[in-house]
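All remarks here apply to the structure that follows.
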Amino acid sequence: MEHTRWLDADEQRTWRAFLTANRLVLERVERQLSQESGMPLAYYEILVRLSEAPDHTLRMSTLASTALSSRSRLSHAVARLEEAGWVRRRACPSDRRGAFAELTPEGMAVLENAAPGHVESVRASLFDHLSPEQQVALRDIAETLVGALSQVPRWPLTPDVTDAAEQPR
């Protein structure tokens, strides 16, 4: 590369602090979920997304794109959640290639059981260390990055993402 825009000392420090903080927070949250609820963060995120969707159901492709997951990775995760009885997969009546993932009552119970420990872990790993002003700044920075780096809305799901036409009748 002929013209590399190298990071200056402040940018390098910011990048490394961001990278380290991100990894430390996610590692602690992941460990708590694994130890207390027996599931990885990715499975918890799927359950949460389904719990917040209309009828606790999302099209698999929507679930994959909003979760920043490949369709094959998401399909594997949903298969594991199906084996546990927490999610059920249903064919899309209007599109033979499409499928829906639906949170089961057992999945909702597991999520409700896991949520208090997860929230406390997030609070202890992130929010308890930040002032209210820092929390606002962090959210603003994160939303700016998501807006700049993402082609589609990610979280929370907006009405245009959970388009009524995609929902089962």
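At a glance:
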quantity	calculated
Fewest-first ranking of 46, 141, using other Cβ atoms within 10 Å as the exposure measure	141, 46
Stokes-Einstein diffusion coefficient of the chain, Kirkwood radius over Cα pairs, 20 °C, 1.002 mPa s, in µm²/s	119 µm²/s
Length gained when the stretch residue 133-residue 84 is fully extended (0.36 nm per residue, less Cα-Cα span)	13.5 nm
Residue exposure sequence - 47, 145 - by fewest surrounding Cβ within 10 Å	145, 47
Note, ³J(HN,Hα) from phi for the range 86-94, Karplus 6.51, -1.76, 1.60, rounded to Hz, x at Gly and Pro	8, 9, 10, 9, 10, 5, 8, x, 9
Likely footprinting exposure, 6, 86, 15, fewest C-beta neighbours within 10 Å first	6, 15, 86
Per DSSP, loop trypsin sites (Lys or Arg not before Pro) in the range 1-86 with at most 14 further Cβ within 10 Å	5
Residue 92 versus residue 109: modelled label distance in nm, points set 7 Å from Cα along the beta carbon direction	3.2 nm
DSSP H segments from the chain that extend 15 Å or more along their own axis, Cα-based, with Kyte-Doolittle mean of -0.5 or above	41-52, 105-125, 132-149
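Here, each number is a calculation from the coordinates, and none is a lab measurement. Quantities reported herein were computed from a predicted structural model and do not represent experimental measurements. Neighbour counts run over all protein chains shown; Cβ positions are idealised from the backbone, glycine included.
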